[in-house]
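Step one of this worksheet: look at the structure below.
The values are calculated or read from the model by the stated rules, or taken from the named source; none is laboratory data. Note that the coordinates shown come from a computational prediction; the quantities given were computed from them, not determined experimentally. Here the Cβ positions follow ideal geometry from the backbone for every residue, glycine too, while neighbour counts run over all protein chains shown.
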Amino acid sequence: MTDTDELLYEVDAEGIARITLNRPQARNALTFAMYERLHGLAQAIDADPAIRAVVIQGAGGRAFAAGTDIAQFRAFSTPEDALGYERFMDRVLGALERCAKPTIAAVAGACTGGGAAIAASCDLRLATRDARFGFPIARTLGNCLSVANLRRLSALVGAARVKEMIFTARLIEAEEARAIGLVSEVVEDAAALAERATDLARLVAGHAPLTLAATKEGLRRVRDEAPSEAGDDLILQCYTSADFREGMEAFLGKRPPRWTGR
């Protein structure tokens with residue numbers, strides 16, 4: 001399977017673009033190449049006047065995306081690797097947020113880590129009843145979210161809820177996600193999700209594009225205050241630690257990690 005096959009893209013006659021994360025055998029865990037292609041597509045969609053709305057979905061029905069492919073981290077050896085990764089992620093997610101077209105995350109199954117960050121960067125989120133959202137990094141890898149990601153999540157559900165999600169490392173079920181405003185609608189299954197996402201995309205595609213674009217950009221400006229680099233020391237504290245290396249190897253080895261706080 002090529003990098004292109006792992007992230008599918010199509011635009012229909014109504015100007016609705018669809019991006020499909022296509023690694024169902026890995027619960028659609030994203031490689032760096034997939035993130036890079038998502039970044040390029042977000043920019044291309046933004047520049048294409050024929051596109052009026054975007055749906056992002058995961059293939060296979062079992063997961064939207066189970067985060068970043070953990071094996072990608074094994075090559076990390078310097079502090080700049082950690083900072084570079086988070087800046088890379090901020091660049092990808094920022095391009096998705098800054099895309100003037102309405103974006104809809106259609107979430108079925110697991111939506112965790114980087115997958116949840118992608119969904120949080122979209123304008124609207126729909127979910128199936130079996131969807132699960134979260135950032136279980138305190139239980140798995142021992143890394144941290146960037147300031148930009150914390151800011152994005154806090155704007156959606158509040159700082160107290162973000163702390164609870166990360167401190168407990170639990171996954172939020174679909175109905176709770178709807179109750180706290182993380183998703184706007186919950187549907188029965190993957191088939192209903194595909195139909196509702198298309199209907200919603202058609203609805204927003206028919207509205208005034210400048211109104212939608214101005215609303216997106218205005219809200220982003222209201223939210224963003226501190227520069228992303230304000231959290232560099234926190235990223236280095238986690239990503240260069242022995243605990244992060246232990247968490248990664250434990251995850252890949254399918255065993256519980258042994259944390260030391262170093």
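Looking at the range 1-28, which of the residues that are in contact with a Leu (Cβ under 9 Å, 6 or more places away or on another chain) and assigned to a loop (DSSP other than H, G, I, E, B) is surrounded by the most Cβ atoms within 10 Å (Cβ to Cβ)?
Asn28
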* Might you let me know whether the range 183-194 holds any residue that is farther than 17 Å from Ala155 by Cα and out of contact with any strand residue (DSSP E or B) (no Cβ under 9 Å at 6 or more places or on another chain)? => yes
* Asked: Which of the residues that make up the range 17-37 are within 13 Å of the chain's Cα centre (by Cα) and at positive phi?
  -> Asn28
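Does Gly115 satisfy being in contact (Cβ under 8 Å) with a residue 40 or more places away in the chain and part of a loop (DSSP other than H, G, I, E, B)? Explain how you work it out, then say what you get.
Details: in contact (Cβ under 8 Å) with a residue 40 or more places away in the chain: yes; part of a loop (DSSP other than H, G, I, E, B): no.
Spelling it out, it is not the case that Gly115 is in contact (Cβ under 8 Å) with a residue 40 or more places away in the chain and part of a loop (DSSP other than H, G, I, E, B).
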* Go through (1) modelled with pLDDT of 95 or more; (2) out of contact with any Asp or Glu (no Cβ under 6 Å at 6 or more places or on another chain); (3) in a helix (DSSP H, G or I); (4) not acidic (Asp, Glu) one by one and return the number of the condition Ile51 breaks. => (3)
* Given the structure, is Ala160 touching a strand residue (DSSP E or B) at 6+ places or on another chain (Cβ under 6 Å), of a type in the set (Gly, Ala, Ser) and at pLDDT 95 or above? -> no
* Inter-residue pairs, beta-carbon under 9 Å, first under 14 Å from Ala29 (Cα atoms) and in the range 68-90, second of a type in the set (Asp, Glu), 6+ apart -> Phe73/Asp81
* Quick check: is even one residue across the range 172-188 of a type in the set (Lys, Arg) and within 30 Å of Asp232 (Cβ to Cβ)? -> no
* Would you please name the residue that is farthest from Ile16 (Cα to Cα), looking only at residues in the range 177-218 that are free of Cβ contacts under 8 Å to residues at least 24 places away in the same chain and of a type in the set (S, T, N, Q)? => Thr215
* Residue count, the range 118-147 (criterion: crowded, with 22+ Cβ neighbours inside 10 Å, assigned to a helix (DSSP H, G or I) and out of contact with any Cys (no Cβ under 9 Å at 6 or more places or on another chain)) -> 2
* Asked: Among the residues of the range 168-178, is there at least one that is touching a Pro at 6+ places or on another chain (Cβ under 6 Å) and either under 20 Å from Thr128 (Cα atoms) or of a type in the set (Gly, Ala, Ser) (or both)?
  -> yes
* Identify, please: which residue in the range 58-87 is in contact with a Ser or Thr (Cβ under 7 Å, 6 or more places away or on another chain) and aliphatic (A, V, I, L, M) and is, among those, nearest to Ala119 (Cα to Cα)? -> Ala66
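Going by the conditions given, is Gln72 assigned to a helix (DSSP H, G or I) and exposed (fewer than 14 other Cβ atoms within 10 Å of the Cβ)?
Numbers: assigned to a helix (DSSP H, G or I): yes; exposed (fewer than 14 other Cβ atoms within 10 Å of the Cβ): no.
Against the criterion (assigned to a helix (DSSP H, G or I) and exposed (fewer than 14 other Cβ atoms within 10 Å of the Cβ)), Gln72 does not qualify.
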* Structure fact -> Note on the range 1-45: residues within 19 Å of Glu97 (Cα to Cα) and polar (S, T, N, Q) are Thr20, Gln43
